[in-house]
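Okay, structure first, notes after.
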Amino acid sequence: MRSITLQVDLAERSYPIIIGAGLLKDEALLQQCIGSGQLMVVSNETIAPLYLDSLLNKMPNADSVILPDGEQFKQLATVEHVFEALLNQRHNRTTTLLALGGGVVGDMTGFAAACYQRGVKFIQVPTTLLAQVDSSVGGKTGVNHTLGKNMIGAFHQPVAVLIDTDTLSSLPTREYQAGLAEVIKYGLLCDADFFIWLEQNMPALIARDQAALQYAIARSCENKAKVVAADEREGGIRAILNLGHTFGHAIETATEYKAWLHGEAVGFGMIMALDLSMRLGLIDASGLERTIALIAAAGLPVSAPANLPAADVILGLMGMDKKVLDGNLRLVLLRAIGDAFVSNDFDADILKQTLQHYL
Ligand code: NAD
Ligand code: GLY
């Protein structure tokens with residue numbers, strides 16, 4: 001199967017997204033993307049044993065640093081290890097960092113690249129489905145703070161995104177399905193035809209069929225690239241990429257990130273966003289029913305986790321989201337499948353009805 005190349009159009013910060021099976025074995029492609037300068041590969045203790053050696057075999061001059069695995073390590077102290085490795089190995093301003101891993105490694109490597117010597121190049125090699133369709137594209141980088149997720153960060157675009165779909169073969173099922181929530185998100189947001197394609201092809205995606213996967217990843221990245229090109233720094237339209245996230249983040253916080261993976265929370269959050277859109281008279285019941293059916297077909301939860309606090313508590317947690325501006329809660333709503341917009345103009349009682357219905 002041939003690889004697909006897309007472009008993120010951001011003038012002098014434009015870059016390619018290359019999607020295909022076996023890209024990490026393609027020495028010529030790696031050389032072309034990386035060149036012959038200094039390279040620091042950043043990975044973690046789970047992914048490194050699977051993919052790092054074969055990558056380093058093709059780039060014998062590269063250095064590497066292995067971080068601990070887990071969202072709890074996505075913090076400034078971990079990024080310090082990357083700076084230390086760069087300084088110890090005397091990397092200069094022309095160095096390139098390569099993120100080999102999921103969204104956690106990608107966000108931290110991008111942030112390290114944004115800061116090291118006031119900014120060096122970096123390449124994303126995402127190895128989870130979530131990272132391949134979302135976090136590796138668009139230049140949001142950063143770490144968590146004990147007082148808030150992703151609160152310390154920078155916009156810093158990669159110079160290339162290399163998506164080797166073969167890496168998904170080792171991804172645990174639950175992580176894979178969590179990534180499918182972000183794929184469904186693009187159909188809901190801005191691509192009704194893709195939503196229909198997903199309804200027809202979810203069994204092939206669940207079976208990790210290579211052709212279906214390559215198509216779904218490319219179409220997702222294409223949609224994300226368009227939104228990012230239109231609004232790189234989230235002054236407006238980019239906020240639609242957060243469909244379901246305000247609901248999802250509140251559930252993740254209420255359950256101390258223990259009940260669900262991020263994609264699972266986003267999937268359920270999207271159901272709540274559509275339910276609210278229906279109650280506000282924006283979409284009809286069939287749009288909500290089709291979404292619930294597709295999320296269930298992806299193997300994702302369609303009912304709330306056990307022992308959630310009351311709807312009012314969840315509402316309070318939603319008020320702490322980054323999308324709150326001047327005290328106004330802003331949510332991504334739908335006018336139809338494939339037509340999302342951001343609004344703070346909704347009746348709070350109707351929002352409570354949605355929360356009470358699902359929680
Ligand atoms: P993750 O990076 O924690 O990866 C999930 C797990 O899978 C980890 O244990 C990881 O080691 C393992 N793993 C990764 N690739 C593997 C492979 N090929 N085979 C076997 N195991 C593998 O989680 P994620 O879901 O990729 O990313 C979540 C993070 O992404 C969050 O921190 C979130 O804030 C961030 N994010 C960022 C953006 C953005 O725009 N920057 C967007 C969405 C999410
Ligand atoms: N995942 C949200 C964004 O990239 O803007």
Cα-centre dipole for the stretch 84-174 with unit charges at Cβ (Lys and Arg positive, Asp and Glu negative), debye to 20: 300
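Rounded to the nearest 20 Debye, what is the dipole magnitude of the chain about its Cα centre when Lys and Arg each give +1 and Asp and Glu each give -1 at the C-beta?
Numbers: 27 positive and 38 negative charges, 117 e Å.
Around 560 debye, computed over the chain.
Using only the Cα atoms of the stretch 120-279, build the gyration tensor, take square roots of its eigenvalues as a ≥ b ≥ c, and label the shape rounded, prolate or oblate: rounded if a/c is under 1.5, else prolate if a/b is larger than b/c, else oblate.
rounded
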Could you put Tyr116, Tyr215, Tyr186 in order, starting from the residue whose Cβ has the fewest other Cβ atoms within 10 Å? Tyr215, Tyr116, Tyr186
Quick one: dipole size for the stretch 30-124, taken about the Cα centre, charges +1 on Lys/Arg Cβ and -1 on Asp/Glu Cβ, in debye to the nearest 20. 460
Can you tell which of Leu317, Leu276, Leu308 shows the greatest fluctuation in a Gaussian network model of the chain with Cα springs below 10 Å? Leu308
Cβ-based charge dipole, the chain, positive-most Cα from Asn88, Leu188, Ala212: Asn88
Select from Ile152, Ile184, Ile163 the residue whose mean-square fluctuation is largest in a Gaussian network model of the chain (Cα-Cα springs shorter than 10 Å). Ile152
Once Lys and Arg get +1 and Asp and Glu get -1 on their Cβ, which of Phe268, Gly235, Ile292 lies farthest toward the positive end of the dipole of the stretch 219-335? Gly235
Between helix 348-358 and the chain, what is the angle of the helix's C-alpha long axis to the longest principal axis, kept within 0 to 90° and rounded to the nearest 10? 80
Exposure-ranked with fewest Cβ neighbours within 10 Å first, Leu180, Leu30 stand as Leu30, Leu180
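Under the rule of -39500 (n - 2.57) per DSSP H run of 4 or more residues, summed and divided by the residues of the chain, what mean residue ellipticity at 222 nm is obtained, to the nearest 500 deg cm²/dmol?
Values: 12 runs with 154 residues, N = 359.
Rounded to the nearest 500, the figure is -13500 deg cm²/dmol.
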Calculate, for Ala306 and Glu199, the FRET efficiency according to 1/(1 + (r/R0)^6) with r their C-beta to C-beta distance and R0 35 Å; round to the nearest 0.05. 0.75
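Counting residues in the chain as N, plug N into 2.2 N^0.38 Å and put the Cα Rg over that result. Please report the intermediate quantities before stating the final value.
Details: Rg = 19.9 Å, N = 359, 2.2 N^0.38 = 20.6 Å.
Normalised by 2.2 N^0.38 Å, the Cα Rg of the chain equals 0.97.
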Taking 7 Å along the Cα-to-C-beta vector as the label spot, tell me the Lys352-Thr173 distance in nanometres, rounded to one decimal. 4.1
Neighbour-count ranking [beta-carbon atoms within 10 angstrom, fewest first] of Met151, Met59: Met151, Met59
Once you keep just the Cα pairs under 8 angstrom separated by 6 or more residues, what percentage relative contact order results for the stretch 1-106? 29
Reduced Cα scattering model of the stretch 210-359, Debye log10 I(q)/I(0), q = 0.08, 0.09, 0.18, 0.20 Å⁻¹: -0.22, -0.28, -1.16, -1.41
Given axes a ≥ b ≥ c from the Cα gyration tensor, I'd like to know whether the stretch 66-212 is rounded (a/c under 1.5), prolate (a/b larger than b/c) or oblate. prolate
Sequence-separation-based contact order of the chain, relative, with Cα cut under 8 Å and 6+ spacing, percent: 15
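Let a ≥ b ≥ c be the square roots of the eigenvalues of the Cα gyration tensor of the stretch 1-159; is it rounded (a/c under 1.5), or, if not, prolate (a/b larger than b/c) or oblate? Provide the component values of the computation, followed by the final result.
Numbers: a/c = 1.35, a/b = 1.22, b/c = 1.11.
It is rounded, given that a/c, with a ≥ b ≥ c, falls under 1.5.
Every number here is computed from the coordinates shown, using simple stated rules; none is lab data. These numbers come from a predicted model, not from an experiment. With ideal geometry, Cβ positions are generated from the backbone for all residues, glycine too; neighbour counts draw on all protein chains shown.
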